[in-house]
Amino acid sequence: MFQQYFATLFRTYGPQKWWPGRTRFEVIVGAILTQNTNWTNVERAIGALRRNDFLSPAAIARIPADKLAPLIRSSGYFRQKARKLKAFVAFLQSQHDGSLRKMFATPTPVLREQLLAVQGVGPETADSILLYAGNHPVFVVDAYTRRILERHEIVHRKATYEEIRALFEKSLPLDHTLFNEFHALIVHVGKHFCRPKTPVCSACPLQCFLTHLVEGSR
């Protein structure tokens, strides 16, 4: 089923070229800042960091949190997120000598547990860092993913993050390129069709696929 979902979406929309970021560290910053906000607000915050030359682990480590926070104000919860960015770079330094190359060379299960132990890094953020910045084959589960699967009655509303992630990873080849594109395509569908209050099911390519599937089985 998931392979057919991916094929349908990729055929309809093509490559999404996600996650936007000039460097791996910028992708990590984006993954942390995008918590509880939209990408437009994150782009503004990243732009402010870039203009002030603070888009590196060393720069984030150097700047005091109270000076960092105003730069990322547009991302919301900016004081908390400043602390989260500081916590990540402290982890990077203490566990991996400040090297992203060393960090991402760590086996996926080990690095995932390390990331989850960092203040402010939950499963979705950890998996976004692993997949989009590190090319580790983990599937990112977000609100769009859950909403689509629940509406298609593939998962129960009480399904946990880990249960949904495992469902994707067991159903598909462990390929970071596939996971990257598939998640980005799900986000596209969630934004434009599978909306929380006003879904546009009639125009959704996944709904069209399911309709043909049901009709073909009769």
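The values are calculated or read from the model by the stated rules, or taken from the named source; none is laboratory data. The model shown is predicted, which means the values in this text are computed figures rather than measured ones. Cβ sites come from the backbone with ideal geometry, for glycine too, and all protein chains shown count toward neighbours.
Need the failing condition index for Val27 against (1) touching a helix residue (DSSP H, G or I) at 6+ places or on another chain (Cβ under 8 Å); (2) assigned to a loop (DSSP other than H, G, I, E, B); (3) within 21 Å of His188 (Cα to Cα), just the number.
The number of the failed condition is (2).
From the list Glu181, Glu162, Glu150, exactly one residue is over 11 Å from the mean Cα position of the chain (by Cα) and within 21 Å of Gly21 (Cα to Cα). Which is it?
Details: Glu162 fails: within 21 Å of Gly21 (Cα to Cα); Glu150 fails: within 21 Å of Gly21 (Cα to Cα).
Every option except Glu181 fails the conditions.
Applying the selection to region 4-28, what residues are small (Gly, Ala, Ser), under 15 Å from Ile129 (Cβ atoms) and either loosely packed, with under 15 Cβ neighbours inside 10 Å or in contact with an Asp or Glu (Cβ under 6 Å, 6 or more places away or on another chain) (or both)?
none
Inside region 46-87, can you point out the residues that are touching a residue at least 12 places away in the same chain (Cβ under 8 Å) and not in a helix (DSSP H, G or I)?
Residues satisfying the conditions are Asn52, Phe54, Leu55, Ser56, Ile72, Gly76, Tyr77.
So Ile186 clears everything in (1) among the hydrophobic types (A, V, I, L, M, F, W, C); (2) at pLDDT 95 or above; (3) surrounded by fewer than 18 Cβ atoms within 10 Å (Cβ to Cβ) except one condition, right? Which one?
Just one mismatch for Ile186, condition (3).
Taking Asn135 as meeting all but one of (1) under 26 Å from Ala7 (Cα atoms); (2) in contact (Cβ under 8 Å) with a residue 24 or more places away in the chain; (3) in a helix (DSSP H, G or I), write down the number of the exception.
Every condition holds for Asn135 apart from (3).
Can you pull out the residues in region 137-155 that are under 16 Å from Ala184 (Cβ atoms), surrounded by fewer than 23 Cβ atoms within 10 Å (Cβ to Cβ) and not charged (D, E, K, R)?
Once the filter is applied, which keeps residues that are under 16 Å from Ala184 (Cβ atoms), surrounded by fewer than 23 Cβ atoms within 10 Å (Cβ to Cβ) and not charged (D, E, K, R), region 137-155 yields Pro137, Ala143, Tyr144, Ile148.
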